[in-house]
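Chemist: Here it is, the structure, as structure tokens.
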Amino acid sequence: MSLRDVTRRHFFERCGIGVGSIALHQLLEQSSDAAVSGNPLAPRAPHFPARAKRVIYLFMAGGPSQLEMFDYKPALTKFNGEPIPKSYVEGKRFAFMDSSHRTNLLGTKRQFEQHGENRMWVSDLLPYTSKIVDQLTFIRTCKTDLFNHAPAKLFMNTGTGQFGRPSMGAWLTYGLGSECEDLPGFVVLQSGPRGPRGGAILWGSGMLPSAYQGVPLRNRGEPILNLTTPESISDEQQIRVIDAVRKLNAKKLAETGDDEIATRINAYEMAYRMQTSAPKLMDTTDETQETLDLYGIKDPKESTFARNCLLARRLAERGVRFIQLYHTNWDHHGGPTENLETHLPDICREIDQPSAALILDLKRHGLLDDTIVIWGGEFGRTPMGEVRESTGRNHHIDAFTMWFAGGGFKPGAIYGETDEFGFGAIDHPVHVRDIHATVLHQLGLNHERLVVRAQGLDFRLTGVLPARVVHEVLA
Amino acid sequence: MALPYYFPLPPVRSQLWMGAVWLGMALTPCILRTTLAADELRFNRDIRPILSEYCFACHGFDQSQREAGLRLDTESGAKATLESGKNAVVSKSPENSELLHRIFSEDEDEKMPPAEGGKSLSQDQKAKLKLWIEQGAAYEPHWAFSPIERPRLPKFEGSSDTSHPIDLFVREQLLQVGLAPSPRAPAHTLLRRASFDLIGLPPTVDEVNAFEKDYAQRGIQAYQDAVDRYLERPAFGERWGRWWLDQARYADSNGYSIDAPREIWKYRDWVIESLNDNLPFDQFTIEQLAGDLLPDASQSQRIATGFHRNTQINQEGGIDQEQFRIESVFDRVATTGTVFLGLSVGCAQCHNHKFDPISQKEYYEIFAFFNNQDEPTMKVYGKEENLPELKEKLKEAEKALQTYIAEKKQAYQTWESKLTDEEKKKMAPNLRKALETEPEKRNQTQIRELFNVEVGKVDSQFQSLLENYTSLDNRLNGVATTMVLQERKEPRQTRVFVKGDFTRPAETVTPGVLSVLHPLAAQEKEPNRLDLARWIVSKANPLTARVIVNRLWQQYFGRGIVETENDFGLQGALPTHPELLDWLASEFMDSGWNFKQIHRQIVLSETYMQKSDDREDVREKDQDNQWLARQQRLRLDAELIRDAGLAVSGLLTSQLGGPPVFPPIPDGVMSQGQVKRQWKTSTGEDRFRRGIYTFVYRATPPPSLSVFDAPEGNSTCTRRVRSNTPLQALTLLNDAAFFEFATALKKIVESEGLEKAFLRSTSRKPTEEEKEILASMDALSVARVLLNLDETVTRE
């Protein structure tokens, strides 16, 4: 007989003879096991010892231009305005094929310099990031399959462009549970002029229960939907309501033996804890001025990427498993509202200092070792330019740069090299699937074993095509 | 004779973990009980699941992936002599069966399944395969592909409290597992259960009181009458309409990133009305898949084709339109397969199916049926409308207006000539523009509008002409639209896409169906969607009736007779009650696909009427309640939680159908997608409509629905998960809409008393102990407690 059965029987016998809610309450407190307590987010052991416990994913929504930031290509400047050799683009498809797609190369106007021990090229757009390159792991040959925004974002998050699959954060909380008892296990923060394309499906739980879906922490009003007790209700009234609900539900539990009621009792308790813990999380008055300055936060109440980075650290401290930040908008096609001359530098300023500060801050809090930080978009941008009154680049999926830090990634490593124009990898291509497999691996999960059965198939984040753990980028 | 796949129930069954995705089960595999009953091995029950799980991926239907020339999914393949000269399976000869040699081998190079696949057979599974070969290695056809035959009813010795066929099948198996059924639930529970299940609302206090009295006197007869009343309530269509809309992936926006609103609610209303009218399911299916192809297709039949217009539309810049048109066809194929056949047809988009006999070519033959449509938007006129007559009348009305205005030209010109600049400035922009236009260049609308400012305004004859015109114009041009399918005159050519990639077209295919199932009706012309629809509802189809009754059963008991409700293929679960499933499927078809009749059959069974309380012996012997020794407590679906709150608090508006509405949602929800969408909160009665009418944006779905697992309409949903989370608690406690319900219920607590409010919420009276807990609280707190009770949001 399993522990679960023993406990249930025990419970049944005691509650069957009318032991009231106090006994029940104690019983629930004793059992933190997911099966007994009915808490789907109870921590679970990984497949093998993990290097990392959590992930902070800085998602640069829209597709940042690696060619203006990390992948230095003098040949592009040299051949600026020349058509790209046919051999590169023959048989390829791009977004905007019928209208604005161009085939002439566009040289970058940014100044690049080498930084750190491994002489990583970083442009003048990212002065803060330049200073911490020795702590980052760059992959310059990332590769994805889809080149329109919403499908590509879905692909980066769920491993497929199809709807109805769990996102990476959902997979991780499903596989590992959460170590935070009073906040959701998967939290999403947003900044920038608009929400990311695709919306809620990007942090959905697909065929997994909705307990694993990402919970958006809102930047205006209450941080979690419905977190705040209605205005006219006092704290005391709220406690009494929750307490009465618990007592009445406990009686029903004793009468029916339905485990779902035990789960609901737990859920109300966690909801109540969240009412206190979430506002505390958002209230950054306990941070020093020095910390705010580190992130470049001018007004801690203002919703910015910088503030979200600070919140990410606070969430990491509290044991939240998967923290995802979306920052819009990186879709620099050229034109009056989204060009490489004005808007790219602007958005780089928004993210450069806070991203670097997050790494430094995690490190000094002793959190970087077991936190993986991921920086990147749903794809990169083409070596060919879109030249209008200003310049831009089209969506590009064959090679783009992402960086990683902490969680057992090799500090300072630079992996993968692209051809002279930065079009494709000349060595070590790293597909989205490989990225997923590698991140799961660091969290102690074998990507082939983290599965859920639906329609007769074992679904997994990395899908059915081969995926490999990129050991070369791991320490 | 019983069908080949029927088997006597062994005392203890082995269970494979089918990865049930509802809460709790997803994390804790069922305990494996694998005691072998030496004389009872059956291929479908004991062997195929093992072969399918461990072997078919490389030794199955998909020729392109087949290793060593061996296929184990057919008897001839398994027993054939292989390239190596050996035989995988030799009947009754374990020592000569290479399969056994390989699975028992310790040699890494020989061992099957190979280590790199990460799957390995348990000792028990190996022993089973050995025993099966010893016993002669017999194969059976896959149960779900075998024809549906009406099974004979089980017979019991002695007297029984029930003769309902459902009960006989269920009791037969209960007897074998050694469990007694539970007693009938008390009257108030029976009524509450039937009410939620049939109309999705709690019974009113009067209904409960009347029923308890009636039931005490007339017993089951009273219950039957109550059920019949519920089946006739318009709310039946709303409750079961939502069940169908999940499968139809209905929502009110285009999805993807832009997620613009769309108008397709007429399709939703068509579903509700069809269910209320008890449109036979075969007709229900045909109209949705191919209503436009029916002879003299009516407007309603065209509206029905909205079923396959519920696919998403990508309006992002820079996309290839053809790519996303094809994406929606892929979705139509997958949805048709899942909803009507219970098969993961979509898996064969890129390659032959790994487990089921569906080739990639066959996939594109089905694709071809869905490749020949235009996707227009259609105006929907009132049901009684005679269009040619209406157009004629409108013309006449317009003429009458013109004539009248012409007669009053003098008066009008006088008025216009006297207008001062000051007066003109104050006028609406359209009128100013009309005045700036030279009189002879003004159009009819402008002339009318100007005339109506002053001269016509006080002229009752003009007003009545105008009224007549406006109402006709509205009937013709001001109507709602809906999205439909329309067959093209020139069909598109369909080609197989290599790896499902539309940029890699290969061989040309013509419309066709799955060869493992019954053939299409013979005909001369190339078959179209209408033929496909008729093929689906053919009585020779072994799948559709089983799949649909199983999905109905799932709503009533929390799980289907076949647990994998969307996969009746080789990887799917076996039916727990195969004969019952076939009896229901036969009933369904023989009754002329009568929906309400099958609902009625189920809810009138003693099996359905049992108490749902757990029992220790059931826990011990049947943890998942698959043998149904009791009913199952089920948390209400998302929309019904809202509906129950509205009903309990007396706020519910019971208007049927119409455009979607915008009940209060928290601030900031709509800014989560790429484009910030408007949410103009409804006022008046529309604020309190049932959940099915809430506008659903796919990218930013209404939080109070999605938090309770309502699907967003991104892909077909044949079963909702039932999660149970802190965010749900926060919603019931603090959400503005639920607080509004609480405020209304508070007044009922004050005016009618605690007991009445409790009764409204739970359909029963509180116990003394419960009253005591609530008595010390203020009325608003009592109302909030009641709306948060597990019992209030659960059907027991």
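Chemist: Could you count how many residues in region A:424-449 are crowded, with 22+ Cβ neighbours inside 10 Å and within 11 Å of chain B (Cβ to nearest Cβ)?
Modeler: 1
Conditions tested, residue by residue: (1) modelled with pLDDT of 85 or more; (2) within 28 Å of A:T144 (Cβ to Cβ); (3) surrounded by fewer than 21 Cβ atoms within 10 Å (Cβ to Cβ).
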residue: A:A170; (1), (2), (3): yes, yes, no
residue: A:E179; (1), (2), (3): yes, no, yes
residue: A:G198; (1), (2), (3): no, yes, no
residue: A:I201; (1), (2), (3): no, yes, no
residue: A:A211; (1), (2), (3): no, no, no
residue: A:E236; (1), (2), (3): yes, no, yes
residue: A:E255; (1), (2), (3): yes, no, yes
residue: A:R273; (1), (2), (3): yes, no, yes
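Chemist: Still on this structure, please answer the following. Determine whether region A:108-125 contains at least one residue that is acidic (D, E) and outside any loop (DSSP other than H, G, I, E, B).
Modeler: yes
Chemist: How many of the residues in region A:177-198 are facing another protein chain (nearest Cβ under 8 Å) and in contact with a Gly (Cβ under 7 Å, 6 or more places away or on another chain)?
Modeler: 1
Chemist: Right, another one. Taking the options B:E172, B:E140, B:E149, name whichever one is of a type in the set (D, E, K, R) and not in a loop (DSSP other than H, G, I, E, B).
Modeler: Criteria check complete, one pass: B:E172.
Chemist: Out of all the residues in region B:69-102, which are touching a residue at least 24 places away in the same chain (Cβ under 8 Å) and not small (G, A, S)?
Modeler: B:L72, B:D73, B:T74, B:E75, B:K79, B:V89, B:V90, B:K92, B:P94, B:L99, B:L100
Chemist: Mind listing whichever residues of region B:380-395 are of a type outside the set (D, E, K, R) and either touching a helix residue (DSSP H, G or I) at 6+ places or on another chain (Cβ under 6 Å) or at pLDDT 90 or above (or both)?
Modeler: Within region B:380-395, B:V380, B:Y381, B:P388, B:L390, B:L394 meet the criteria.
Chemist: Test of understanding: among B:A210, B:A222, which residue is out of contact with any helix residue (DSSP H, G or I) (no Cβ under 8 Å at 6 or more places or on another chain) and free of Cβ contacts under 8 Å to residues at least 12 places away in the same chain?
Modeler: Working: B:A222 fails: out of contact with any helix residue (DSSP H, G or I) (no Cβ under 8 Å at 6 or more places or on another chain).
Exactly one of B:A210, B:A222 is out of contact with any helix residue (DSSP H, G or I) (no Cβ under 8 Å at 6 or more places or on another chain) and free of Cβ contacts under 8 Å to residues at least 12 places away in the same chain, namely B:A210.
Chemist: Just checking: which of the helices (runs of 4 or more DSSP H) contained wholly in region B:654-760 hold 3 or more residues that are surrounded by fewer than 24 Cβ atoms within 10 Å (Cβ to Cβ) and within 14 Å of chain A (Cβ to nearest Cβ)?
Modeler: Ranges flagged: B:703-706, B:736-752.
Chemist: Consider region B:91-114. How many of its residues are farther than 15 Å from B:C55 by Cβ and within 14 Å of chain A (Cβ to nearest Cβ)?
Modeler: Counting residues in region B:91-114 that are farther than 15 Å from B:C55 by Cβ and within 14 Å of chain A (Cβ to nearest Cβ) gives 0.
Chemist: Still on this structure, I have one more. So which residues in region A:444-475 are under 15 Å from B:A57 (Cβ atoms) and in a strand (DSSP E or B)?
Modeler: Selection gives A:V451, A:R453, A:L457, A:D458, A:F459, A:R460.
For (1) among the aromatic types (F, W, Y); (2) over 17 Å from A:Q135 (Cα atoms), each residue gets a yes or a no:
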site: A:S390; (1), (2): no, yes
site: A:R393; (1), (2): no, yes
site: A:F409; (1), (2): yes, no
site: A:E417; (1), (2): no, yes
site: A:F421; (1), (2): yes, yes
site: A:G424; (1), (2): no, yes
site: A:V430; (1), (2): no, yes
site: A:H441; (1), (2): no, yes
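Chemist: Of the residues that sit in region B:761-796 and are of a type in the set (G, A, S) and facing another protein chain (nearest Cβ under 9 Å), which one is farthest from B:L733 (Cα to Cα)?
Modeler: Result: B:S776.
Chemist: Hey, which of the helices (runs of 4 or more DSSP H) in region B:390-489, taking only ones fully inside, have at least 2 residues that are surrounded by 14 or more Cβ atoms within 10 Å (Cβ to Cβ)?
Modeler: Fully inside region B:390-489 and qualifying: B:409-417, B:429-436, B:444-453, B:460-477.
Chemist: Something else about it: Select from region A:223-279 the residues that are within 7 Å of chain B (Cβ to nearest Cβ), over 22 Å from B:S612 (Cα atoms) and assigned to a helix (DSSP H, G or I) and list them in ascending order.
Modeler: Scanning region A:223-279 gives A:Q237, A:R240, A:V241, A:A244, A:A267, A:Y268, A:M270, A:A271, A:M274.
Chemist: Given the conditions (1) within 25 Å of B:S257 (Cβ to Cβ); (2) in a loop (DSSP other than H, G, I, E, B); (3) touching a residue at least 40 places away in the same chain (Cβ under 8 Å); (4) facing chain B (nearest Cβ under 10 Å), report the number of the one that A:I201 does not fulfil.
Modeler: If we test A:I201 against (1) within 25 Å of B:S257 (Cβ to Cβ); (2) in a loop (DSSP other than H, G, I, E, B); (3) touching a residue at least 40 places away in the same chain (Cβ under 8 Å); (4) facing chain B (nearest Cβ under 10 Å), just (2) comes out false.
Chemist: Tell me, please, whether a residue that is assigned to a loop (DSSP other than H, G, I, E, B), within 16 Å of the chain's Cα centre (by Cα) and not basic (K, R) can be found in region B:210-233.
Modeler: No; the residues of region B:210-233 include none that is assigned to a loop (DSSP other than H, G, I, E, B), within 16 Å of the chain's Cα centre (by Cα) and not basic (K, R).
Chemist: What is the number of the single condition among (1) modelled with pLDDT of 95 or more; (2) over 31 Å from the mean Cα position of the chain (by Cα) that B:S182 does not meet?
Modeler: In the conditions (1) modelled with pLDDT of 95 or more; (2) over 31 Å from the mean Cα position of the chain (by Cα), B:S182 misses (2) alone.
Chemist: Restricting to region B:532-557, what's the tally of residues that are surrounded by 19 or more Cβ atoms within 10 Å (Cβ to Cβ) and free of Cβ contacts under 8 Å to residues at least 24 places away in the same chain?
Modeler: Total meeting the criteria: 1.
Chemist: Okay, next question. Anything in region B:613-624 that is in a loop (DSSP other than H, G, I, E, B) and within 11 Å of chain A (Cβ to nearest Cβ)? List them, or say none.
Modeler: B:D613, B:D614, B:R615, B:Q623
Chemist: Are any residues in region A:136-154 within 13 Å of another protein chain (Cβ to nearest Cβ) and either hydroxyl-bearing (S, T, Y) or surrounded by fewer than 24 Cβ atoms within 10 Å (Cβ to Cβ) (or both), and if so, which ones?
Modeler: Answer for region A:136-154, where residues must be within 13 Å of another protein chain (Cβ to nearest Cβ) and either hydroxyl-bearing (S, T, Y) or surrounded by fewer than 24 Cβ atoms within 10 Å (Cβ to Cβ) (or both): A:D145, A:L146.
Chemist: How many residues, within region B:118-137, are outside any helix (DSSP H, G or I) and in contact with a Ser or Thr (Cβ under 9 Å, 6 or more places away or on another chain)?
Modeler: Looking only at that region, the number is 4.
Chemist: Just one of A:G412, A:G377, A:G407 is under 25 Å from A:A356 (Cα atoms) and surrounded by fewer than 24 Cβ atoms within 10 Å (Cβ to Cβ); which is it?
Modeler: One residue alone meets the criteria, A:G412.
Chemist: Go through (1) modelled with pLDDT of 95 or more; (2) at negative phi one by one and return the number of the condition A:N329 breaks.
Modeler: Just one mismatch for A:N329, condition (1).
Chemist: On to the next question. From the list B:R795, B:R764, which residue is surrounded by fewer than 20 Cβ atoms within 10 Å (Cβ to Cβ) and under 18 Å from B:L191 (Cα atoms)? Steps first, please.
Modeler: Working: B:R795 fails: surrounded by fewer than 20 Cβ atoms within 10 Å (Cβ to Cβ).
On inspection, the qualifying residue turns out to be B:R764.
The values are calculated or read from the model by the stated rules, or taken from the named source; none is laboratory data. Since this is a predicted model, take the numbers as computed values, not measurements. Ideal geometry is used to build each Cβ from the backbone, glycine not excepted, and the neighbour counts take in all protein chains shown.
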